[in-house]
Number of protein chains: 2
Amino acid sequence: MASPYTVAYMFPDAKSVGSVSAFRTKPMAKTDVDLIVTYCGVCHTDVHFIDNDWGMSRYPLVPGHEIVGHVTRVGTEVKELKVGDQVAMGCVAQSCYKCECCQKGRDNLCADRRFTYFHDTTDETGTHRHMGGFSSFMRTDYRKLYKVPRGLEQNHVGPLMCAGVTVFEPIRNLLGDSLDGKGKTIGVLGIGGLGHLALQFVSKTGATAVAFSRGKKKEEFTKFLGASYLVDTTNADAMQAAYGTLDQLIVCTSGGTFECDKFLPLVKPFGNMHLCGIPDAPITFTAQLLVFSRISISGNPTGGSTDTKLMLEFAAKHGIEPIIEEFPHSKAHEAIQKIRDGTIRFRAVLKNDLVDVEETLTALNNGYVKL
Amino acid sequence: MASPYTVAYMFPDAKSVGSVSAFRTKPMAKTDVDLIVTYCGVCHTDVHFIDNDWGMSRYPLVPGHEIVGHVTRVGTEVKELKVGDQVAMGCVAQSCYKCECCQKGRDNLCADRRFTYFHDTTDETGTHRHMGGFSSFMRTDYRKLYKVPRGLEQNHVGPLMCAGVTVFEPIRNLLGDSLDGKGKTIGVLGIGGLGHLALQFVSKTGATAVAFSRGKKKEEFTKFLGASYLVDTTNADAMQAAYGTLDQLIVCTSGGTFECDKFLPLVKPFGNMHLCGIPDAPITFTAQLLVFSRISISGNPTGGSTDTKLMLEFAAKHGIEPIIEEFPHSKAHEAIQKIRDGTIRFRAVLKNDLVDVEETLTALNNGYVKL
């Protein structure tokens with residue numbers, strides 16, 4: 001028997017207008033789980049893929065890698081999850097589970113990693129294109145699903161699964177598992193979708209959180225998020241006063257050209273400038289600025305399973321919340337347009353209106369398993 | 001009473017021809033030590049300073065920061081050294097001794113560090129320009145002198161004090177104080193003055209040392225230095241086969257343009273590309289290569305006191321030796337010309353012929369203290 005169809009918001013071709021359509025669901029594997037998507041965040045990366053900016057997209061495309069939902073069915077080998085569990089999914093849909101990266105919970109760096117919506121995944125049912133969370137339902141391997149801890153709002157979980165773990169990863173890498181930031185000073189450059197989460201995470205570790213932004217207009221807001229103070233990056237004196245003060249600078253700006261030399265001097269010896277966003281243009285820096293101060297420049301592609309679990313627990317414990325704007329799945333184009341315009345404050349989240357979510361959840365509660 | 005003069009090979013002005021001349025020695029401070037220079041290495045950085053390439057030079061200039069000699073006199077507060085001790089000196093002549101960097105033995109990164117021949121140092125006798133090791137004698141603070149362990153040839157010590165510690169520093173930073181490289185793979189790009197030492201250090205840690213060089217002509221030589229194999233960087237297939245294999249790539253090339261994107265893919269996730277040499281042009285890289293593989297780019301300006309001590313011990317224990325060409329101090333210009341031409345194999349070392357070193361050392365042995 002052929003698999004049923006799943007309703008989703010799909011893009012037929014690069015830069016096309018999306019619309020509600022349907023794709024044939026992959027066959028159920030022993031390690032698969034079905035979930036009904038309740039919310040799915042929209043990340044700037046989704047827009048890059050919709051537009052095929054990085055030449056890696058495949059169409060028809062169902063984007064979305066900031067996913068939260070409820071388990072509606074589990075494969076025969078799935079012991080860790082049960083029907084009704086609230087689960088989240090991020091960027092990685094499959095990895096080899098054997099390499100050093102996978103063993104260390106850094107499956108986002110596995111050489112055989114498969115991303116949520118532009119790679120194929122393979123199991124005993126064959127090889128199938130994986131589809132993202134702009135969908136009403138998903139069928140995916142349980143090993144890339146994370147139980148959502150109590151205390152997190154459902155519509156907040158999605159943005160944590162990509163934006164959240166992306167900025168959490170360098171902080172944990174700097175501070176270690178204790179996440180004790182006392183005595184450290186960590187800067188956050190760019191107060192948008194990533195930066196407004198980074199400031200919250202940093203300040204909750206006990207580190208001094210410093211916001212770096214053009215002008216002073218976000219000063220009150222960044223203090224609300226936990227910043228000790230804001231440095232106006234257009235003020236040369238303020239910038240110079242901040243030279244050599246940072247253990248880490250988390251760069252949360254994206255697109256355009258990143259003026260690396262302007263920001264390197266902020267970092268202390270043995271400190272780290274860490275890229276969470278990706279500029280459009282290649283990055284150029286003066287080697288002397290790096291070498292003479294013993295600075296490192298690094299970057300990370302979201303986080304792996306260890307960071308994701310720790311991040312969800314940390315966010316739940318400390319009440320870290322993305323600031324979001326909600327749109328129905330069927331109006332994903334409105335969210336995308338605000339992301340393109342740079343007017344989203346600060347993360348877009350889709351709410352599944354493609355199927356009757358309430359009915360499904362009620363049925364789940366009553367012991368009726370859909371699909 | 002005015003201080004005596006010291007004979008040295010000096011440069012009167014930028015890009016000038018040097019000659020043997022003399023400068024007035026600074027007054028003796030309580031923490032000063034006098035030493036007779038036996039040998040002094042010539043580093044490419046010396047040539048940059050002779051030419052004022054970096055706009056930081058001051059003339060008349062006495063270069064030289066790879067110094068070894070014997071103590072001929074100690075200041076009233078010096079307990080750690082005595083007349084006759086063989087001592088070495090590197091790039092740093094003074095630091096604050098109080099900051100976090102100094103406390104951690106990273107005095108090369110102290111914000112108030114003073115380099116051996118282009119900064120002033122300050123003590124109770126006032127502020128004086130510090131002069132380098134192209135000199136016959138030196139008067140300098142004992143806290144930046146290192147006892148030379150048994151087992152090192154005198155004429156080998158100089159190059160270890162800059163080139164040696166520069167490449168040792170990232171290795172220790174990667175492996176920790178144990179310097180146990182077992183299971184790690186470390187690449188060395190550029191087999192010259194820095195690279196031929198880096199390969200020796202890497203292989204003696206037990207790590208797999210991989211040489212990266214243009215063509216195969218250095219293959220036998222790099223194996224002699226400890227490399228497990230050589231990758232020809234002009235061979236695209238060989239390079240691709242090496243992608244993702246390195247825990248660290250130590251970049252020992254200098255000058256020109258560094259093709260960062262060509263070498264970033266060699267590094268494993270959470271691995272490190274480390275710059276020991278400085279290219280002339282700013283470095284440009286594609287952010288995705290760094291971010292998607294979770295790589296860091298770093299660099300270091302020589303090493304601090306902790307690394308210097310550990311490096312000297314490690315080199316003595318494992319028989320690590322620079323390959324040198326010797327020139328008399330009075331013919332420093334010949335060494336400089338070979339460095340400019342890129343024909344030096346692999347480090348130039350000056351032997352002090354400006355004064356009668358034998359006579360002084362004999363006098364020292366007989367208990368007669370010069371100066």
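Taking the conditions (1) more than 20 Å from the chain's Cα centre (by Cα); (2) open to solvent by 40 Å² or more (accessible area, probe 1.4 Å); (3) at pLDDT below 95 in turn, B:VAL20 satisfies each one other than (3).
Identify, from the list A:PRO265, A:PRO301, the residue that is of a type outside the set (A, V, I, L, M) and facing chain B (nearest Cβ under 9 Å). I'd like the intermediate steps shown before the answer.
Details: A:PRO265 fails: facing chain B (nearest Cβ under 9 Å).
So the residue among A:PRO265, A:PRO301 that is of a type outside the set (A, V, I, L, M) and facing chain B (nearest Cβ under 9 Å) is A:PRO301.
Hey, which of the strands (runs of 3 or more DSSP E) in region B:111-162, taking only ones fully inside, have at least 3 residues that are open to solvent by 30 Å² or more (accessible area, probe 1.4 Å) and within 14 Å of B:THR38 (Cα to Cα)? Those strands (runs of 3 or more DSSP E) do not exist here; none qualify.
Take the conditions within 14 Å of chain B (Cβ to nearest Cβ) and closer than 15 Å to A:LEU179 by Cα and apply them to A:ASP307. Does it pass? It would help to see each step written out before you state the result.
Numbers: within 14 Å of chain B (Cβ to nearest Cβ): yes; closer than 15 Å to A:LEU179 by Cα: yes.
Answer is yes for this residue.
Put simply, of A:LYS144, A:LYS184 the only residue that is over 30 Å from A:LYS268 (Cβ atoms) and of a type in the set (Lys, Arg) is A:LYS144.
Take the conditions touching a residue at least 24 places away in the same chain (Cβ under 8 Å), in the same structural domain as A:VAL92 (by TED's automatic domain parsing) and under 17 Å from the mean Cα position of the chain (by Cα) and apply them to A:ALA315. Does it pass? When the stated conditions are applied, A:ALA315 does not pass them.
Each residue in region A:208-218 was checked for being of a type outside the set (A, V, I, L, M, F, W, C) and buried (at least 16 other Cβ atoms within 10 Å of the Cβ), and 3 of them qualify. Between a residue in region B:270-294 that is more than 7 Å from chain A (Cβ to nearest Cβ) and any residue that is part of a helix (DSSP H, G or I) and β-branched (Val, Ile, Thr), which pairs come within a Cβ distance under 8 Å, given they are 6 or more apart or on different chains? Between residues of region B:270-294 that are more than 7 Å from chain A (Cβ to nearest Cβ) and residues that are part of a helix (DSSP H, G or I) and β-branched (Val, Ile, Thr), the close pairs are B:CYS276/B:THR166; B:CYS276/B:VAL167.
For beta carbons closer than 8 Å, sequence separation of 6+ or different chains, a first residue in region B:12-25 that is more than 13 Å from B:ILE336 (Cα to Cα) and a second that is part of a strand (DSSP E or B) and open to solvent by 80 Å² or more (accessible area, probe 1.4 Å), the qualifying pairs are B:ALA22/B:TYR5; B:PHE23/B:TYR5; B:ARG24/B:TYR5; B:THR25/B:TYR5.
With respect to the stated conditions, A:ALA211 fails to be over 24 Å from A:THR302 (Cβ atoms), among the hydrophobic types (A, V, I, L, M, F, W, C), touching an Asp or Glu at 6+ places or on another chain (Cβ under 9 Å) and not in a loop (DSSP other than H, G, I, E, B).
Table: residues versus (1) out of contact with any Gly (no Cβ under 6 Å at 6 or more places or on another chain); (2) open to solvent by less than 20 Å² (accessible area, probe 1.4 Å); (3) aromatic (Phe, Trp, Tyr); (4) in a helix (DSSP H, G or I).
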| site | (1), (2), (3), (4) |
| --- | --- |
| B:PHE270 | yes, no, yes, no |
| B:ASP280 | no, no, no, no |
| B:LEU289 | yes, no, no, yes |
| B:ILE297 | yes, yes, no, no |
| B:GLU313 | yes, no, no, yes |
| B:ILE320 | yes, yes, no, no |
| B:GLU325 | yes, no, no, no |
| B:ARG340 | yes, no, no, yes |
| B:THR343 | yes, no, no, no |
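Residues in region A:229-254 that are in a loop (DSSP other than H, G, I, E, B) and within 25 Å of the chain's Cα centre (by Cα) were compared, and the one that is surrounded by the fewest Cβ atoms within 10 Å (Cβ to Cβ) is A:SER254. Scanning region B:90-144 for residues that are more than 14 Å from chain A (Cβ to nearest Cβ) and of a type in the set (S, T, N, Q) gives B:GLN94, B:THR116, B:THR121, B:THR122, B:THR125, B:THR127, B:SER135, B:SER136, B:THR140. Sort through A:ALA8, A:ALA2, A:ALA93, A:ALA14 and tell me the only one that's crowded, with 22+ Cβ neighbours inside 10 Å and farther than 27 Å from B:GLY271 by Cβ. Selected residue: A:ALA8, the only one of A:ALA8, A:ALA2, A:ALA93, A:ALA14 that is crowded, with 22+ Cβ neighbours inside 10 Å and farther than 27 Å from B:GLY271 by Cβ.
Just a yes or no: is a residue in region B:39-61 charged (D, E, K, R) and within 14 Å of chain A (Cβ to nearest Cβ)? Break it down stepwise before answering.
Filtering region B:39-61 for residues charged (D, E, K, R) gives B:46, B:51, B:53, B:58.
Checking which are within 14 Å of chain A (Cβ to nearest Cβ) leaves us with B:53.
Checking region B:39-61: at least one residue is charged (D, E, K, R) and within 14 Å of chain A (Cβ to nearest Cβ).
To keep it simple, each residue is scored yes or no on (1) at negative phi; (2) among the acidic types (Asp, Glu).
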| site | (1), (2) |
| --- | --- |
| B:ASP120 | yes, yes |
| B:GLY126 | no, no |
| B:VAL167 | yes, no |
| B:ILE171 | yes, no |
| B:LEU175 | yes, no |
| B:LYS184 | yes, no |
| B:LEU197 | yes, no |
| B:GLN200 | yes, no |
| B:ALA207 | yes, no |
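Among the residues making up region A:26-81, a single one is open to solvent by 20 Å² or more (accessible area, probe 1.4 Å), in a strand (DSSP E or B) and either farther than 25 Å from A:GLY367 by Cα or touching a Ser or Thr at 6+ places or on another chain (Cβ under 7 Å) (or both): A:HIS70.
Tell me whether region A:37-45 contains one or more residues that are more than 24 Å from the chain's Cα centre (by Cα) and in contact (Cβ under 8 Å) with a residue 24 or more places away in the chain.
We begin by selecting, within region A:37-45, every residue more than 24 Å from the chain's Cα centre (by Cα); these are none.
No, region A:37-45 contains no residue that is more than 24 Å from the chain's Cα centre (by Cα) and in contact (Cβ under 8 Å) with a residue 24 or more places away in the chain.
Within region B:299-321, can one find any residue that is farther than 24 Å from B:MET273 by Cβ, of a type in the set (A, V, I, L, M) and in contact with a His (Cβ under 7 Å, 6 or more places away or on another chain)? Looking for residues that are farther than 24 Å from B:MET273 by Cβ, of a type in the set (A, V, I, L, M) and in contact with a His (Cβ under 7 Å, 6 or more places away or on another chain), one finds none in region B:299-321, hence no. Looking across region A:299-311, the residues that are within 25 Å of A:PHE270 (Cβ to Cβ) and either hydroxyl-bearing (Ser, Thr, Tyr) or in a loop (DSSP other than H, G, I, E, B) (or both) come down to A:ASN300, A:PRO301, A:GLY303, A:GLY304, A:THR306.
The values are calculated or read from the model by the stated rules, or taken from the named source; none is laboratory data. Just so it is clear, the structure is predicted and the values come from calculations on it, not from any experiment. FYI the Cβ positions are ideal-geometry reconstructions off the backbone, even for glycines, and counts take in every protein chain you see. Ligands, DNA and RNA are excluded from the accessible area calculation, which covers all protein heavy atoms including side chains. Shrake-Rupley method; radii C 1.70, N 1.55, O 1.52, S 1.80 Å.
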